[in-house]
Amino acid sequence: MKLRYKSENLKLRLGKSLAFEGAMSIEKLQRYREQMRTELDKVVDFWQKYSHDTQYGGFFTCIGKDGKIYDELKYVWLQGRQVWMYCRLYRTMERFNKPEILEAAKSGGAFLRRFARIPNSGSPWKCAFCLTRDGKALKVQRTIFSECFYVMAMDELARVTGDKDMQAEAAQMMDQLVHWVRVDPSGLGKPQLSGDTPVCSMAVPMMLLCLVQQLTEARSGEEVDKYREVGGWCVKQILQHLQRGGTAILESVSSEGKELPGCEGRLQNPGHALEAGWFLLQYGLENGDQELQRTAVDKFMEIPFLTGWDKEHGGLLYFLDVDGYCPTQLEWSMKLWWPHCEALIAYLMAYSHTKEPALLERFSQVYDYTFSHFSDAENGEWFGYLTQQGKVTLDFKGGPFKGFFHVPRCLYMCEKILDSILNKQET
């Protein structure tokens, strides 16, 4: 009887302990959600207040720390990202279902449709990279990324406006992108040089997979079936970047999926691998592929996090060399905003589906560094570029590469995931 009493007493104490830990976990998740919600409101307010060009349409993205415009150039991929983000917020979060957000998105969409595509480029679908304030083409890149964010913007804007022509335009441009990537890239304008080895950058299949998920969301029919095939191809291409017996994610590989020689072949980008991780996890969940889900977490999240986290100063290093050489990129040791955004999404998404405490600990570790270093409590929004030691080195809030995208997407997705986790625990 005595032994049984002790056993039951231990069970009771253990039950109380687990209940206490569960309550603490819920309390912590609630604090995270409140922080994400508050921060998202501030970020949206910042861009609504300072980025809208009421004279020519579209958005300013070169914005100083206090909201002042320091350059009027407009970058097409950032215009597309802002249209997409406004529409996604308007469509899926009640507190952002406001006419001023929809009107801003429409203004940005109209600016893109009028000016982004370059008719004399040799292809009716090629977009500029950079425009003057009033929409004149200034620069073009031999890549697909301006076009990709044009597709995202048009499809999401079509969802909130019901514009079928706009949706069809997005689908047509997607077809052209797939052709450039999988069949014939000559339309991008890049010459084939005799010493040039075909290279597969992980960014390309990642971006196409993102578009597949955008274009197929809540839709059915032949178009969706076509995109599913593209999605499967993208996943296979991304998985080729898992190299060295499954111990490293390399940013670029050969067209045969082999490691490339030299600095280019050894380059690692921890933030990009983490972003690929949640893309793959999302795809695996949507398609019931448990092996892919595990690969996404164990390989594309854990490997880059463990190799990329700066154990001395905290935060994720921007670039690494898989063999330990110093990367040739001058910014390799800096801490940038967007890898930390991707890490927050990746680990929270992984935790929400596995409930593995270690994944929540990873999220907490990134969360603590991110909100104590990037967020600007005084002026709003986030700084984007820190030294290795974590000091702000470039104090603008927007530029040619930082716009209204990574920060609000991260905050939006994390708030949504936390809502889902907490709602399940409360029922």
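In this structure, the amide hydrogen of Lys397, modeled 1.01 Å from its nitrogen in the peptide plane, lies closer than 5 angstrom to those of Ile63, Gly64, Lys65, counting only residues at least 5 positions away or on a different chain.
Globularity index of the stretch 50-167 is 1.03 (Cα radius of gyration / 2.2 N^0.38 Å, N = number of residues). Accessible area per residue was computed with a 1.4 Å probe on protein heavy atoms; Lys74 scores about 0 Å².
Order the following by accessible area, largest value first: Glu100, Glu156. Probe radius 1.4 Å; ligands, DNA and RNA are ignored.
Glu100, Glu156
Put a plus charge on the Cβ of each Lys and Arg, a minus charge on the Cβ of each Asp and Glu, and nothing anywhere else: the dipole of the chain about its Cα centre is then about 680 debye. Please give the Cα centre distance for the stretch 96-119 versus the stretch 176-223, rounded to the nearest Å. For the stretch 96-119 versus the stretch 176-223, the Cα centre distance is 25 Å. Taking amide H as placed 1.01 Å from N in the peptide plane, the amide H of Gly315 sits under 5 Å from that of Asp310, each at least 5 places away or on another chain. Angle of helix 270-286 to the longest C-alpha principal axis of the chain, folded into 0 to 90 degrees and rounded to 10: 80°.
Determine the percent antiparallel among the DSSP beta bridges restricted to the chain, to the nearest 5.
DSSP beta bridges in the chain are roughly 100 percent antiparallel.
Around the amide H of Cys200, modelled in the peptide plane, lie the amide H atoms of Val253, Ser254, Ser255, all under 5 Å away and 5 or more residues distant in sequence or on another chain. Using Rg and Dmax of the Cα atoms in Å as the read-out, say which of (1) 50.2, 179; (2) 22.6, 90; (3) 23.1, 71 was calculated from these coordinates. Read-out taken from this structure: (2). Against the main long axis of the alpha-carbon atoms of the chain, helix 2-50 sits at an angle near 20°. Residues Phe383, Phe404 ordered from highest to lowest accessible area at a 1.4 Å probe: Phe383, Phe404. Using the Karplus relation 6.51 cos²θ - 1.76 cosθ + 1.60 with θ = phi - 60°, the per-residue 3J(HN,Hα) values for the stretch 308-322 come to x, 6, 6, 6, 8, 10, x, x, 9, 5, 6, 10, 9, 9, 4 Hz, with x marking Gly and Pro. Size descriptors for the stretch 200-331, from the alpha-carbon set: Rg then Dmax equal 15.5, 52 Å.
3J(HN,Hα) couplings calculated from phi for the stretch 53-66 with the Karplus curve 6.51 cos²θ - 1.76 cosθ + 1.60 (θ = phi - 60°) are, in sequence order, 9, 6, 8, 10, x, x, 9, 7, 10, 8, 10, x, 4, 9 Hz; Gly and Pro show x.
Projecting the Cα atoms of Phe405, Gly390, Tyr318 onto the dipole axis of the stretch 293-427, where Lys and Arg carry +1 and Asp and Glu carry -1 at the beta carbon, places Phe405 farthest toward the positive end.
Below 28 Å Cα-Cα, how many Lys pairs turn up in the stretch 196-348? Only count pairs eight or more apart in sequence, or on different chains, if you could.
Count of close lysine pairs: 8.
The magnitude of the dipole of the stretch 25-124, with charges of +1 and -1 set on the Cβ of Lys/Arg and Asp/Glu and taken from the Cα centre, is near 300 debye. Here the Karplus relation 6.51 cos²θ - 1.76 cosθ + 1.60, evaluated at θ = phi - 60°, turns the backbone of the stretch 336-347 into coupling constants of 9, 5, 6, x, 6, 4, 5, 5, 4, 4, 4, 6 Hz, with x for every Gly and Pro. Less than 17 Å from a label point 7 Å out along the Cα-to-Cβ axis of Lys190: which backbone N atoms in the stretch 53-77 qualify, by residue? It comes to no residues whatsoever.
Any chance you could check the Cα centroid distance between the stretch 337-403 and the stretch 269-327 for me, in angstrom? Between the Cα centre of the stretch 337-403 and that of the stretch 269-327, the gap is 15 Å.
Between 0 and 90 degrees, the angle of helix 406-426 with respect to the longest Cα principal axis of the chain falls at about 30 degrees. I need the Debye-formula profile for the stretch 300-389: one equal scatterer per C-alpha, no solvent, reported as log10 I(q)/I(0) at q = 0.13, 0.18, 0.22, 0.25 1/Å, two decimals. Reported log10 I(q)/I(0), two decimals: -0.45, -0.82, -1.11, -1.30.
The values are calculated or read from the model by the stated rules, or taken from the named source; none is laboratory data. Worth saying up front: this structure is predicted, and the values here are computed from it rather than measured. Positions of Cβ are backbone-derived with ideal geometry, glycine not excepted, and every protein chain shown enters the neighbour counts. With ligands, DNA and RNA removed, areas are computed over all heavy atoms of the protein, side chains included. Shrake-Rupley method; radii C 1.70, N 1.55, O 1.52, S 1.80 Å.
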